[in-house]
1. Please work out the FRET efficiency for the pair His96 and Gln20, using the Cβ-Cβ distance as r and a Förster radius of 35 Å; give the result to the nearest 0.05.
2. Under the 0.36 nm per residue contour assumption, what length would be gained going from the current alpha-carbon distance of Thr172 and Ala74 to full extension?
3. Rounded to whole Hz and in sequence order, give me ³J(HN,Hα) for segment 209-214 from the Karplus expression 6.51 cos²θ - 1.76 cosθ + 1.60, θ = phi - 60°, writing x for Gly and Pro.
4. Within a 10 angstrom radius of the beta carbon, how do Val177, Val68 rank from fewest other beta carbons to most?
5. With θ set to phi - 60°, apply the Karplus curve 6.51 cos²θ - 1.76 cosθ + 1.60 along segment 51-65 and write out the HN-Hα couplings as whole Hz, x wherever there is a Gly or Pro.
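What follows draws every value from the coordinates through simple rules; no lab data is involved. Note that the coordinates shown come from a computational prediction; the quantities given were computed from them, not determined experimentally. Neighbour counts are summed over all protein chains in view; Cβ atoms, including those assigned to glycine, are modelled from backbone coordinates with ideal geometry.
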Amino acid sequence: MVFHLFNKSVQQYTDPEIIQQVLAGNTAIFEIIIRRYNPYLYKVGRSYGFNHQDTEDLMQESFINCYVNLKQFAERSSFKTWLITIMLHQCYRKTHKFNYLKEQTADLLPDNSSLMFLPKNHSNTDDAVLSKEFNKVVEACLQQLPEEYRTTFALRELAGLSVAETAEAMNTTASNVKVRLNRAKAMLRKAIEKNYSTEDIYEFNLVCCDRIVAGVMKRIDELGNS
C-alpha cells in the first residue's frame, strides 16, 4: 500500500487527527505516522548499537505495536514520546533478553547506504574514505558510552526530543537528562564534535524509509484481514 493523496497535505495532519482516522478505520493514513517518525526510531535503534537490518526490524515491530495498541494511547504525553518509548522498550528487550552482540563497524551499513553518515560538503572523490572513517568514529565512540548516556544523547541530539520528552521517554527527571547529556557530550566531543556536527550522524536514507513503510503497511493489512 502506498500513500498518495488525502484531503489535506501530509504536513497539515496532526497526530491526533491521524490517530482518530486510524481508529475510525482509515488505516491507510497510518503511513503518515510511519514516514513522520521513521528517522526518530532509526536514530534510537542505531544508538543502541544495532546494525541497520536489526534496527529496521525493531522499527517495524515498534510501529506494529503502536498500531495494535493505538486505543490505549493516552494524551498525557505527546504521541512522539509515546512512540519513541515503545522503540526504547523494543531495543532494551532485544539487548538484554538475547545478550545482543554488537557487530563490527564494517557490517553495520547496508550495501546501498555507504553515504549515510557523510559530513556536509564532502567531495565525491573522498566519499568512500570519509564514509568508512566517519562510521568508525561514530560507532566506536557511541558504543563506549554507558547506555543511559548513549540513549540520552541519541534522543536529545539526534532525534531532537526536548528535555521534558527525553525525561518522560527514559522515565527520569529533567535534571538527570541535562546532566547525562552534558556528560555524554564531554565524552564524545574530542572524538566526534572536533570534526563533525551531531546533525550529520545517523541520517535516515529515504529508500530505507520507503521499505519500512511498505513492510509496516503490509502487516497492518494482514492484521485487518485476520
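1. 0.45
2. Separation in residues times 0.36 nm, less the Cα-Cα distance, equals 33.4 nm.
3. Working through the residues one at a time gives 4, 4, 5, 4, 4, 4 Hz.
4. Sorted ascending by nearby Cβ count, the order is Val68, Val177.
5. With the stated coefficients, segment 51-65 comes to 6, 4, 5, 5, 5, 4, 4, 5, 4, 4, 4, 5, 5, 5, 4 Hz.
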